[in-house]
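Remarks on the structure that follows.
Read-outs throughout are calculated quantities, based only on the coordinates presented, and are distinct from any laboratory measurement. Everything numeric in this text was worked out from a predicted model, so none of it was measured. A quick note on method: Cβ atoms are made from the backbone with ideal geometry, for glycine too, and the neighbour counts reach across all protein chains shown.
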């Protein structure tokens with residue numbers, strides 16, 4: 001059975017996962033400030049890591065991404081969900097320290113010429129979600145056809161909701 005780490009799980013941990021969060025809550029197995037590195041977790045332990053709505057709260061993103069790499073096995077999938085910078089959810093929470101675009105995590109992919117770390121990860125997928133209305137459908141179509149144009153010029157007209165990135169750890 002694959003071992004899963006749910007980072008910043010709060011009270012809604014992924015079933016069967018090990019949960020780590022700064023505050024104690026039902027389902028939190030490891031109470032630890034994610035900004036304090038290293039985490040009290042053994043190297044190469046996890047087959048999958050889930051980061052749902054947590055990385056926008058982190059102060060040292062490069063350090064945390066390196067730590068995720070450290071605790072992951074070779075081939076582990078890292079699933080990141082965060083508000084896209086055009087989402088009001090990205091801006092409303094005063095504890096958010098950063099805002100992400102669709103290429104933000106390419107800086108952690110060593111295939112990119114702009115990567116920030118020597119820890120090897122590769123991008124598996126990048127997806128953007130929109131609302132369900134007609135206006136959102138127009139944004140979704142525009143994004144699907146011209147993602148660079150949409151993000152640069154139209155993302156605050158047809159706002160996205162969440163950005164989902166899957167990375168694969170290479171050791």
Rg from C-alpha atoms of segment 1-113, normalised by the globular rule of thumb 2.2 N^0.38 Å, equals 1.04
Expected unfolding gain across residue 14-residue 120 under the 0.36 nm per residue rule, minus the alpha-carbon gap, is 35.6 nm
Contour minus Cα-Cα span, residue 154 to residue 113, at 0.36 nm per residue, comes to 12.1 nm
Nearest 10, in degrees from 0 to 90: the angle of helix 134-145 to the longest Cα principal axis of the chain is 80 degrees
Here the convex hull volume per residue of segment 48-171, taken over Cα atoms and given in Å³, is 104 Å³
In this structure, the FRET efficiency calculated for residue 41 and residue 129 from their beta-carbon separation, with R0 = 35 Å, to the nearest 0.05, is 0.75
Counting only backbone N atoms under 11 Å from a point 7 Å out along Cα-to-Cβ of residue 29, the residues of segment 37-61 in range are 42, 46-47
Sorted on mean Cβ neighbours within 10 Å (highest first), peptides 67-78, 155-166, 84-95 come out as 67-78, 155-166, 84-95
For segment 110-167, the Kirkwood Rh over every pair of distinct alpha carbons, in Å, works out to 12.8 Å
Ranked on Cβ counts within 10 Å of their own Cβ, fewest leading, 169, 54 go 54, 169
Stretched fully, the stretch from residue 22 through residue 141 gains (0.36 nm per residue minus C-alpha distance, one decimal, in nm) 39.0 nm
